[in-house]
Amino acid sequence: MAIHQDAKLEEATFEEIQALIQQDNRAPLIDVREPAEVALGIIPTAHHIPLADLKDALVTLSDKAFEDQYGFKRFAKDDEAIFYCRSGRRSRLAFAQAKELGYTHVRHYPGSWIEWEARTKDSSN
C-alpha cells in the first residue's frame, strides 16, 4: 500500500496542473519533450528543457547560465517542480533523474501533453 501512496505523491493530476497555471507564485512546470514536439503546443506557463539536457541543466550550468538558456530561475533542490512530456514516459525519467540528483519535491504529470491537449481541446469547443 505504501508504494501505491508514494506513487500518487510523485504524480500531478490534470486538475492540479490546471490550478497550478492559474497561480502567481507557481512551481515550475517543465516540458522535457524535444523542440519539434514543443513547437506543436505547450501547456501554458511551462518551460522547456529537453530530457537529454536535464542533467547538465541541473548540475553543470551556473544559476545565471541556466536562467539565460531556459528563461527562468533554476529551482532549488527543496522546491517543487513538475515534469511532463508527450505521454508520461520521459516525464517519469526526468522525475527519477532529478530525484537521483537530490531534488526532493519534484513530481511528474503522467497524463502529460496527450491528456492536456485532449481535455483542453474538448473544453474549448
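The values are calculated or read from the model by the stated rules, or taken from the named source; none is laboratory data. Nothing here was measured: the structure is a model prediction, and the numbers come from that model. Cβ placement follows ideal geometry from the backbone for every residue including glycine, while neighbour counts extend to all protein chains displayed.
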Q: Return the residue satisfying two criteria in turn: it lies in the range 103-125 and is among the small types (Gly, Ala, Ser) and surrounded by 14 or more Cβ atoms within 10 Å (Cβ to Cβ), and of such residues it is nearest to ILE21 (Cα to Cα).
A: SER112
Q.
When you check ASP53 against the structure, is it more than 12 Å from the chain's Cα centre (by Cα) and either loosely packed, with under 13 Cβ neighbours inside 10 Å or at pLDDT below 95 (or both), yes or no?
A. no
Q: Would you be able to say whether some residue in the range 4-14 is outside any helix (DSSP H, G or I), more than 14 Å from TRP116 (Cβ to Cβ), at pLDDT 95 or above and of a type outside the set (Asp, Glu)?
A: no
Q | Subset of the range 28-38 that is touching a residue at least 60 places away in the same chain (Cβ under 8 Å) and part of a loop (DSSP other than H, G, I, E, B) - its residue that is surrounded by the fewest Cβ atoms within 10 Å (Cβ to Cβ) | A | ARG33
(Q) Just the residues that are in a loop (DSSP other than H, G, I, E, B), in contact with a strand residue (DSSP E or B) (Cβ under 9 Å, 6 or more places away or on another chain) and closer than 20 Å to GLY102 by Cα, please, taken from the range 39-71. (A) ILE49, PRO50
Q.
Which count do you get for residues in the range 63-102 that are polar (S, T, N, Q), surrounded by fewer than 20 Cβ atoms within 10 Å (Cβ to Cβ) and within 14 Å of the chain's Cα centre (by Cα)?
A. 2
